[in-house]
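Note sheet for the following structure.
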Amino acid sequence: MSESLSTSEKYLWQYVQEHASDIVDTSIVELSERANVSTATIVRTMKKMGYSGYTPFRQEAIRKLTDKTQDFKVLKETDHEIRAAILKNQYEVDNTISNLNIGVMEDAIQKVNNAKHVYIFARGLSNLIGEDILLKFELLGKDVQLHDDPNIIKTLSKQINGSDTVVLFLTLNGNTPELVKAAQSLSKNEVTTITFTCNSTSDIIPYSDLIFLGVKSAESYFPKYEIRSRLPLQILTRIFLDAFAIRIQGHQNLTNKKT
């Protein structure tokens, strides 16, 4: 459904997703001013996303927030700031899982399973998630490499080719220059790329064959530093790895029974 949105409508939809907790107290006029879009754009976006208008969307946001608050007894026992932090994490978990595309999941599992070589490219804190993927792929018998050095990534991406290779990108914002350049090179070499990111309009998207899109909150409790939550990427990769293990082990069990 979101594929039919225009650029401004996609921006607005991403904005309301990132500011979900504020929507409950925001009128359509206030949202128009804060997001810098017209009220007509707001109404049009909501209709494309399955709502009859902004008011029904806002009412659902209120209901969801109320349900979440009632679900967590601990929320009643702490102050506003801590409640906000708890809801921020649940928001990322719930919306990231809702964003999962089973078709993409199945295609990615098949691509990685059929690949003789798997590369993981990540930078910064995302490299920690890469280490988890590396370990689990190794345990499953895959030939896999993890790289976070920009020069190595740049060099390898130009050398890698062949239909028997898959490259995984872990990038929160999807705009890390060396990763985007690597994705461009791999696209030219017709190498399958699987990207885990939280930015649907990022520079790496056009060069990615399969995309796992997470949802992150706009809130950061470390504003002086470029440190953002990798929770959405952790959720996506963990689900993918679990699904991969289930499919592969199930296939192996079936093959063993036939022999």
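Among the residues of segment 167-207 satisfying the criterion of being under 11 Å from the mean Cα position of the chain (by Cα) and among the small types (Gly, Ala, Ser), which is nearest to Leu5 (Cα to Cα)? Taking the candidates together, the pick is Ser200.
The number of residues in segment 1-36 being more than 17 Å from the chain's Cα centre (by Cα) and of a type in the set (Lys, Arg) comes to 1.
Here Tyr91 meets each of (1) part of a loop (DSSP other than H, G, I, E, B); (2) at pLDDT below 85 with one exception, condition (1). The set of residues in segment 110-130 that are touching a Phe, Trp or Tyr at 6+ places or on another chain (Cβ under 7 Å) and of a type in the set (Phe, Trp, Tyr) contains only Phe121. Say whether the condition of being modelled with pLDDT of 95 or more, more than 27 Å from Ser21 (Cβ to Cβ) and not assigned by TED's automatic domain parsing to the domain that holds Gln17 is met by at least one residue in segment 210-220. Looking through segment 210-220, at least one residue is modelled with pLDDT of 95 or more, more than 27 Å from Ser21 (Cβ to Cβ) and not assigned by TED's automatic domain parsing to the domain that holds Gln17.
Okay, residues lined up against (1) modelled with pLDDT of 80 or more; (2) surrounded by 12 or more Cβ atoms within 10 Å (Cβ to Cβ):
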{"site": "Ile62", "(1), (2)": "no, yes"}
{"site": "Thr66", "(1), (2)": "no, no"}
{"site": "Asp71", "(1), (2)": "no, no"}
{"site": "Leu75", "(1), (2)": "no, yes"}
{"site": "His80", "(1), (2)": "no, no"}
{"site": "Ile102", "(1), (2)": "yes, no"}
{"site": "Gln110", "(1), (2)": "yes, yes"}
{"site": "His117", "(1), (2)": "yes, yes"}
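Among the residues of segment 174-208, count how many are closer than 20 Å to Ile235 by Cα and assigned to a strand (DSSP E or B). Matching residues across segment 174-208 total 5. Taken residue by residue, segment 91-100 has at least one member that is touching a residue at least 60 places away in the same chain (Cβ under 8 Å), surrounded by fewer than 18 Cβ atoms within 10 Å (Cβ to Cβ) and in contact with a strand residue (DSSP E or B) (Cβ under 8 Å, 6 or more places away or on another chain).
The values are calculated or read from the model by the stated rules, or taken from the named source; none is laboratory data. Given the structure is predicted, the values throughout are model-derived calculations rather than measurements. We place every Cβ from the backbone using ideal geometry, glycine too, and count neighbours over all the protein chains shown.
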